[in-house]
1. Multiplying the sequence separation of B:Arg231 and B:Arg217 by 0.36 nm and subtracting their Cα-Cα distance, what value in nm do you get?
2. Once label points are set 7 Å from the Cα along Cα→Cβ at both B:Val347 and B:Ala194, what is their separation, rounded to one decimal in nm?
3. How much net charge surrounds B:Ile477 when only the other residues with a Cβ under 15 Å from the Cβ of B:Ile477 are counted, with Lys and Arg +1 and Asp and Glu -1?
4. If you restrict to DSSP beta bridges whose two residues both lie in the stretch A:8-176, what percentage is antiparallel, to the nearest 5?
5. Taking 20 °C and 1.002 mPa s as the conditions, I'd like the Stokes-Einstein D for the stretch A:182-269 in µm²/s, using the Kirkwood hydrodynamic radius from alpha carbon pairs.
6. Just tell me which aspartates and glutamates come within less than 16 Å, Cα to Cα, of B:Lys17; anything on the same chain fewer than 8 places away is out.
7. Label A:Glu10 and B:Gln310 with points 7 Å out from Cα along Cα→Cβ: what is the distance between them in nm?
8. Tell me, what is the percent relative contact order of the stretch A:8-176, built from C-alpha pairs under 8 Å that lie six or more residues apart?
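The values are calculated or read from the model by the stated rules, or taken from the named source; none is laboratory data. Everything numeric here is computed off the predicted structure, so don't read it as measured data. Because the Cβ atoms are built from the backbone with ideal geometry, glycine has one as well, and the counts that use them run over all protein chains shown. Ligands, DNA and RNA are excluded from the accessible area calculation, which covers all protein heavy atoms including side chains. Shrake-Rupley method; radii C 1.70, N 1.55, O 1.52, S 1.80 Å.
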Amino acid sequence: MNARTLDPTERLIEKEPYYEPVGEEIALFEAAYRQRIPVLLKGPTGCGKTRFMEHMAWRLQRPLITVSCHDDLTASDLVGRYLVKGGETVWVDGPLTRAVRCGGICYLDEIVEARKDTMVVIHPLADDRRTLAMEKLGQMLEAPAEFCLAISYNPGYQSVLKDLKQSTRQRFVALEFDYPSAALEQRIVATESGVSDAVADKLVRFAQMTRNLKGSGLEEGASTRLLVHAGKLISDGISPVTACKSAVAQAVTDDADMLKAIQELSSSVF
Amino acid sequence: MEASLHTWLETEFTYFKVEELAGELAALARDDQDFILGWIRRIASTHITLAWQFGRRAPALLPRMERRLLEAWAVHTCDVFDRTGLQTALRVMEQVDSFDPAQHKHDAAGALFEDFAPVLGNFVCGLSGRRLRIEEGDKAWTDGERIVLPPLVAEFSDRDDNFQLAKVMVALAWAQTRFGTLRVDHAQIAAGYADPERALSRLNALETLRLSARIARDLPGLHREMQRLARVAEPLTPAWQAFAARLTRDDASIDDSLALLAAAYAEPESPRWTGQLDLRPDAVAAARAARLDKEKARLRVRLAELLEEQAENRASAASQDTHPPAAEVEPRDEGGQLDFDITLDGVPLAPPDDVRQLLTSVYLDFGEIPPEYLTPAGEGEYDPNLVFDRPEDPDAVWHGTYHEKGAELYPEWDHGRQHYRKNWCVMREKTVPPIQDDFYRQTLVKHQGAVKQLRRKFEALRDENRLDRRQTQGDEIDLDALVEALADAKDGREMSDRLFVRLHRAERNIAVAFLVDMSGSTKGWINEAEREALILLCEALELLGDRYAIYGFSGTTRKRCELFRIKTFDEPYDDEVKARISGIRPQEYTRMGFALRHLSKLLNQVDARTRVLVTLSDGRPDDYFDVYRGEYGVEDTRMALLEASRTGIHPFCITLDREARDYLPHMYGAARYVLLDDVRQLPLKVTDIYRRITT
């Protein structure tokens, strides 16, 4: 048993990642890619943004470099830094620089979580200059035609105060994602988790019930991703009610009354 | 024991004969004695007669009622007393006294309303349809807007089964609103029969059959639960089996039940299912009548607003067509979810949440959206102020008969009862009338030197970014460390790995709410010092960029708790806010609990890593015309602070009361308050303290 080490700049996704289009997002993304316009994906958590990016990377046959943003992410973490190795200082590229150099797709997930001062480094890359300033090296890196920048954020989940700055968001073509329609979501859950259509149908119905609770004590309803998790557990022999409890209810809330209510909903559906 | 009873029940004035009670209690086990005595003492703090009645009844009840239920009964009685007074509370007591043990043999395992209501409230919200409220009442029924459930569900000997039964009741009530049972006029239909009561009960049974079948299709798990609970039910007679065959069809509706009603009426017996609800035609009709016109108006006004928004978006491109604007709505009722496709003037639109809720409600009332609901309201046709619930003018309520409309209700901790008084404080937010005078400028001039000093101190606070040297990881190389390390290496010593410089950026992420005492006792010096302190504070906080809000509080009795908005979290510190600070004037008394609870709620809505709640007060909690004095007030305030702490808020108090050492440590804990001897220190000290508690 050996874990494989992969270099994302050299690795192309070989097998088509399963993705069900909801609207014209694939055509839009491809057009933006050809026109060298960066893309912003908006939508609630677990609705398929990351999967869409994997699918597009496969379609365009470009390496995909994903950075999950967090509130300690600095500009150096993205661009690169000097390290000391054996008494010598060595420059090491950050993921953004690597993506630019190899003409890949750089996907900054949950960009709003990054520090405000970090976000400005992507500005020159995101407009028609398409350059990355590497101040410590004293160099400018010009992005090749193949390079593509994509960012994502969740408008419902992010607070007003942490909202994306206008100067940032106005550089992007925005694609809006939402939970798929019931029929589509059922197909996704069935395909991804291997459960029967009937079970997938019930899972989706249950998810809609939790989404009805949004704003009445629940921040966010169950995402498609959580349904797939529950479906996989069910395929593996776990009872549906237990699977929903562990994979969905516990994942969306800690509140005891709410947990019990969600469990009662799932046991009503199954 | 007798002596305690004499004291608690104030027998000197009330002449209650406690000797007999003491004798009866003495015969009980020590543990039971303590339990009953404890409750007598606690209820006595609410009302002595209630405590006396409790004492007389409890010893006989204890062998057949679980303590948990006796407690619930005692608290319920106190709640009833809070809400409706002594007479009804005594009646509640009598009901327990007169209850037949045979009928209540499962009470010990009963599910209590206060336990299941929060869960089932969320449960019913998850099912699609109109948002239904859950309320406590005599029996289980619904009027289509609220579901009423009894205080105790105790039909089974297992507690979980009783909870499930309550769930079944909620589901049946939901199904009545969702699948059209309440769409018809029950009273009118029943009036067509010689015995309307009988007709109504037959209709109820038919509908329960039909709704159970719907539930079986949509919520099979719940239906299994219903069947399990009903396993001892009598088998259906052949006639009822025939009814069931028709009513369990996929397309069965209320019309089928109505068509079968005459036949069902003729049947000698009518089955009754476990969890079946009562049908209350009057309540249903009243709720529906109140709802229909209101929702029609609301929907038409909102459609007009949506159209206007749409027209603005298309502004110049709009053609000059003269046809009246039209809205089309296509309801979709699939997969258990109700949804609507709206087309406004030919343009499809995702309906906003409130519009979707309105459409859902109208659809449930009619089974469709009647065309007249879809004509956008014409100019001035309805006054939106009448159609929508607008915030009430907080002062207007005092002009007419008193009511609690538009107010927020907060609980209060009753130390004597050791329980909350629910919905006790009637709170309203008001705005301080701004006074445009010279106060702001004068304050800055008066504290000129101090302001400069403050600015410097706070600026230092803001620039918290610093370089951490000799780190194992970092953005840049620490050249000094590297040179040293290379020299070490040349010497044959081990090279340090601490070779990096890291920029430590501590972003201030603080939200703070200031709660200013505006009680009558702050009149004069204190009021002026408070206002000056607020101005200096705001000047400093503006530099820091911390989010802050300022509210004042005061009140007379629980019915008039007022919170004065001076600056909300979202408002900028502008001339209006400065004028409001200038306008702070002493009001009534110091009731603190509700203010702390409300501000905690507001603070928790703000996204910040650290939340601080600073109270600026001149004395102990006190409300002259009420029980809010001495220990009661202190304990309620303490409880409100504990609640705030539990949600992660850091409370702090700055006070001018010289006697505060007696009670403040108890309320805030030893390190969470500061006492100023001299009111003149207030303006400068407050900023200093703020700096201390937020770094």
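1. 3.1 nm
2. 6.4 nm
3. Numbers: positive: A:Arg81, A:Lys85, A:Lys136, B:Arg469, B:Arg470, B:Arg498, B:Arg502; negative: A:Glu88, A:Glu135, B:Asp468, B:Asp475, B:Glu476, B:Asp478, B:Asp480, B:Glu484, B:Asp497.
Its environment carries a net charge of -2.
4. 35 percent
5. The diffusion coefficient I find is 172 µm²/s.
6. B:Glu2
7. 5.7 nm
8. Relative contact order of the stretch A:8-176: 30 percent.
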